[in-house]
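Okay, structure first, notes after.
The values are calculated or read from the model by the stated rules, or taken from the named source; none is laboratory data. Predicted model only: the values in this text are computed from it and were never measured. Positions of Cβ are generated from backbone atoms using ideal geometry, with glycine treated the same way; all protein chains shown enter the neighbour counts. What goes into the accessible areas is simple: the full protein's heavy atoms, side chains included, and nothing from ligands, DNA or RNA. Shrake-Rupley method; radii C 1.70, N 1.55, O 1.52, S 1.80 Å.
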Amino acid sequence: MTTRQLSDTDLAGQPAAHWTGVAYEALIAYTRAEMAAKGYTQPQVWLLRNLSENDISPDGEGMTLSELRQAMASYLRPEDDLAAEAAVLVERGWLTRDAEDRLWLTAEGEQARTTLARNAPAIRAALHHGIDDADYVTTLKVLRQLIRNAGGTAP
């Protein structure tokens, strides 16, 4: 299969929604493959992060799967099975489950979270290869404006 070279004029007429969708799928697939090669999944990282008072959790309190799903609603994918992912982390000793079915991060889970976080810079570096920071910032500014133009809220 050959890839047709698009001119700047051709690119200017392309729908942003198409390219953002293609980019999203490619970035997620790459990130998840890199994580899988190291023996963990993106949803597992999100579980650890959402239960850590040193990361996303404001208080380090345990949460039910329902509460975790709600907390992660903006980035969970339809194929993500939090119950199965949590079960793996409980089996590893990174999470525990209490009598009210709340999941809690263990000391081993907190250590795993910090260890796994060390992989993120290499993934970012690979994805950003050949893209200088100024171009990356410009791209994000353009995407944020497109979001606002579409009536959305861009942070």
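Before moving on, here are some points about what is shown:
- With the simple model of a label 7 Å out from the Cα in the direction of the Cβ, ARG69 to ARG118 spans 3.5 nm.
- Over the chain, DSSP H runs of length four or greater, each weighted -39,500 (n - 2.57), average out per residue to a 222 nm ellipticity of -18000 deg cm²/dmol.
- For the chain, the solvent-accessible area with a 1.4 angstrom probe is 66 square angstrom per residue.
- Taking Cα atoms only, the orientation of helix 133-149 departs from the longest principal axis of the chain by about 90 degrees.
- Counting only Cβ charges, +1 for Lys and Arg and -1 for Asp and Glu, the dipole size of segment 16-155 around its Cα centre is about 500 debye.
- Segment 34-98 - charge dipole about Cα centre, Lys and Arg +1 at Cβ, Asp and Glu -1, debye rounded to 20: 160 debye
- Unit charges at the beta carbon, dipole of segment 36-115: most positive-side option, GLY93, SER66, LEU103: GLY93
- Separation of the ARG97 and THR139 label points, Cα + 7 Å toward Cβ, nm: 4.0 nm
- Between segment 61-79 and segment 89-105, the alpha-carbon centres lie 15 Å apart.
- In the set (i) 18.9, 61; (ii) 37.7, 119; (iii) 14.9, 43, the label that goes with Rg and Dmax of the Cα atoms in Å computed for this structure is (i).
- Fully extending the segment from HIS128 to TRP19 would add 37.6 nm, taking 0.36 nm per residue of separation and subtracting the current Cα-Cα distance.
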